[in-house]
Amino acid sequence: MKIALLGYGKMGKVIEGIALERGHKIVLKKDEFNTFDGLASADVAIDFSAPKVAIENISAAINHGIPVVSGTTGWLEDYHLMEKLCLEKNAAFLYGSNFSLGVNIFFELNDYLAKMMAKFKDYKVSMEEIHHTQKLDKPSGTAISLANAIINHTDKNNWAIENPKEDDVFIDVKRIDDVPGTHSVYYNSDVDFIEIKHVAHNREGFALGAIIAAEWIIGKKGVFSMKDVLGLDNRI
């Protein structure tokens, strides 16, 4: 499999190493200093870039007819534009706020717990998200996905990282050196406290998941998520 890396920062380099170990070839390492030369020869593109260039990267891959997997967060207000472009071009696009197998299992657990807790009004839900100090967006895409699942199943209407209202899911965002990613969901009452938590030890889990998604998407058409890749149908 020939891979175009759209974004060649820390995650791009980890993806490169694992891709080479799995027998794949890197045909483009796109960063702010070079062009899209080599993209047309790729079988698939993997975008782990920055919010300000994600649209450009994803659009370039779709317009070249290259399936694209994106893990860049912080640009989702324009997600519908990429979804529309993908469908117009009969292309393939997969966005994931987190490609880790463990996190995607955690997503399912969070979804199931939110459904269960919705009828227990004595419990107040909140979240905590911790990442390394180089992370540009806050809260993380993973935290937003977790919060949106809670909102979908409870009487909460939004999420907030400061000055939360009664109908907000409060996300306590922290930036600490060398933390790959920690996400916690809390349900607190006067009598007890429930917590579910995912702790990433390194970036390898994210990178491997992205490569597995890239291997999976080749030959497909449409807009997908990691639920499709992992066969998670949200039924327990």
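The values are calculated or read from the model by the stated rules, or taken from the named source; none is laboratory data. As the structure is a computational prediction, the values presented were derived from the model and not from experiment. Ideal geometry is used to build each Cβ from the backbone, glycine not excepted, and the neighbour counts take in all protein chains shown. Quick note on the areas: whole protein, heavy atoms, side chains included, nothing else; ligands and nucleic acids left out. Shrake-Rupley method; radii C 1.70, N 1.55, O 1.52, S 1.80 Å.
A few points about this structure:
Table: residues versus (1) touching a residue at least 12 places away in the same chain (Cβ under 8 Å); (2) charged (D, E, K, R).
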{"residue": "Asp37", "(1), (2)": "no, yes"}
{"residue": "Asp43", "(1), (2)": "yes, yes"}
{"residue": "Ile46", "(1), (2)": "yes, no"}
{"residue": "Pro51", "(1), (2)": "yes, no"}
{"residue": "Ile58", "(1), (2)": "yes, no"}
{"residue": "Ile62", "(1), (2)": "yes, no"}
{"residue": "His80", "(1), (2)": "no, no"}
{"residue": "Leu87", "(1), (2)": "yes, no"}
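- Some residue of the range 86-109 being at pLDDT 95 or above, under 30 Å from Ile176 (Cβ atoms) and polar (S, T, N, Q): no
- Hits in the range 96-106 - residues which are over 15 Å from Tyr186 (Cβ atoms) and either in contact with a His (Cβ under 9 Å, 6 or more places away or on another chain) or surrounded by fewer than 16 Cβ atoms within 10 Å (Cβ to Cβ) (or both): Asn98, Ser100, Gly102, Val103, Ile105
Here's the yes/no breakdown for (1) more than 26 Å from Leu81 (Cβ to Cβ); (2) among the polar types (S, T, N, Q); (3) more than 20 Å from the chain's Cα centre (by Cα):
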site: Ala118; (1), (2), (3): yes, no, yes
site: Ala143; (1), (2), (3): no, no, no
site: Ile151; (1), (2), (3): no, no, no
site: Thr154; (1), (2), (3): yes, yes, yes
site: Pro164; (1), (2), (3): yes, no, yes
site: His198; (1), (2), (3): yes, no, no
site: Ala213; (1), (2), (3): no, no, no
site: Gly219; (1), (2), (3): no, no, yes
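- Pairs where the first residue, in the range 193-215, is without any contact (Cβ under 8 Å) to a residue 12 or more places away in the chain and the second is open to solvent by less than 20 Å² (accessible area, probe 1.4 Å) and assigned to a strand (DSSP E or B), C-beta under 8 Å, 6+ apart: Phe193/Tyr187; Glu195/Ser184; Glu195/Val185; Glu195/Tyr187
- Consider the range 134-148 and keep the residues that are charged (D, E, K, R) and more than 9 Å from Thr73 (Cα to Cα). The one that is modelled with the highest pLDDT is Lys138.
- Residue in the range 106-124 that is on the phi > 0 side of the Ramachandran plot and touching a residue at least 60 places away in the same chain (Cβ under 8 Å) present: no
- The residues of the range 35-56 that are surrounded by 20 or more Cβ atoms within 10 Å (Cβ to Cβ) and under 21 Å from Ser145 (Cβ atoms), listed by number, are Ile46, Asp47, Phe48, Ser49, Ala54.
- Listing of strands (runs of 3 or more DSSP E) fully contained in the range 111-222 that carry 2 or more residues being buried (at least 17 other Cβ atoms within 10 Å of the Cβ): 124-131, 168-175, 182-188
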